[in-house]
Amino acid sequence: MALIQCHFFSEVLQLSTSMTVILPQQTRTQIGMQNVKRGARHPTLYLLHGMSDDDTIWLRRTSIERYVAPLGLAVVMPQVHRSAYTDMAYGNRYWTFLSEELPELARSFFPLSDAREDNFVAGLSMGGYGAMKWALSKPDRFAAAASLSGGLNRAKVPEDPQRLRDYILTFGEKTVAGTENDLFWLLQQCDKYDGPKPKLYQCCGTEDFLYKDNILFREACRKTSLDFTYEEEPGSHEWGYWDRKIQDVLSWLPMAKHRD
């Protein structure tokens, strides 16, 4: 695998930012690694970080490079700070950056497939929200989306002062319910979509402080026609759990099952 720390200028954000990228490389003599490359354009997983992290965190806290090597899967990990993957009320346009500019830039820099069946998105905590938001908003772009311990109920105003500050900076003082930032509303819109819909995967540890909100989203998903997988097990909001579950996500991805 090739590991690239990519620094670039974003016209949308009007600043320099970064993404961490893993690219498939076919090798025959590398000890302890089975590396696979699948054609000229790589299937791609956009892997999103949580609120307190950055684009390097999945690489630092898990063995994601080792896990994707035998799949021939590229991984793009962008940087969005504490934006909740939104065009912030008092901040920058991170949703436009993520959903419009980033894929075009990444494909201009690297040989990534633009085919819907080759594109997937996943994330943890805040990134779980971002992954579901992106796939439900753009069902024509993704074959599958996964949330690990996602902060999925953004219509719920937090009581904690720090989280309330982040909430106001991100969403302003208007209600999130029934808007493009509300996953429950987006779920209904996606269910009405005439074209192919993304497969959804959701998991959460039963000791996680976000568990109750995950149960609410699980029940909402089960009321739709979407192909939906839910898993829970003992676990809290921590990297040991996410390192295990990202392996389950990779096994669940459509490309991992049907490609040679």
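A few notes on this one:
- Label zone of K156 (point 7 Å out along Cα→Cβ, amide N under 14 Å): in region 206-225 this covers 206-220.
- Least to most buried among R28, R61 (fewest other Cβ within 10 Å first): R28, R61
- DSSP bridge orientation in the chain - percent antiparallel, rounded to nearest 5: 35
- Global size of the chain as Cα Rg and Dmax, reported in angstrom: 17.4, 57
- The chymotrypsin sites (Phe, Trp or Tyr not before Pro) of region 19-126 meeting both criteria, a DSSP state outside H, G, I, E and B (loop) and at most 14 other C-beta atoms within 10 angstrom of the site's C-beta, are Y90.
- Surface/4 estimate of mean projected area, convex hull on alpha-carbon atoms of region 1-50, nm²: 5.2
- Taking the convex hull of the alpha carbon positions in region 92-136 and averaging its projected area over all directions gives 3.6 nm².
- Highest GNM mean-square fluctuation among Q162, Q188, Q26, for the chain modelled with Cα contacts below 10 Å: Q162.
- Helical content alone sets the calculated 222 nm signal of the chain at -9000 deg cm²/dmol, taking -39,500 (n - 2.57) per DSSP H segment of four or more residues and averaging over every residue.
- Cα-based reach from K156 at 22 Å (exclusive), listing lysines while leaving out same-chain residues under 8 positions away: K133, K174, K212, K223
- Whole-number D in µm² s⁻¹ for region 115-260, Kirkwood Cα-pair radius fed into Stokes-Einstein, 25 °C, 0.890 mPa s: 158
- Between the beta carbons of S18 and K174, assuming R0 = 30 Å, the FRET efficiency works out to 0.45 to the nearest 0.05.
- Likely footprinting exposure, C6, C204, fewest C-beta neighbours within 10 Å first: C6, C204
- Among residues other than D182 with Cβ under 12 Å from its Cβ, the summed charge is +3 (Lys and Arg +1, Asp and Glu -1).
Values in this text are rule-based calculations from the coordinates and carry no lab data. Because the structure is a prediction, the values reported are computed rather than measured. Methodologically, a virtual Cβ is constructed for each residue, glycine included, from the backbone with ideal geometry; neighbour enumeration extends over all protein chains shown.
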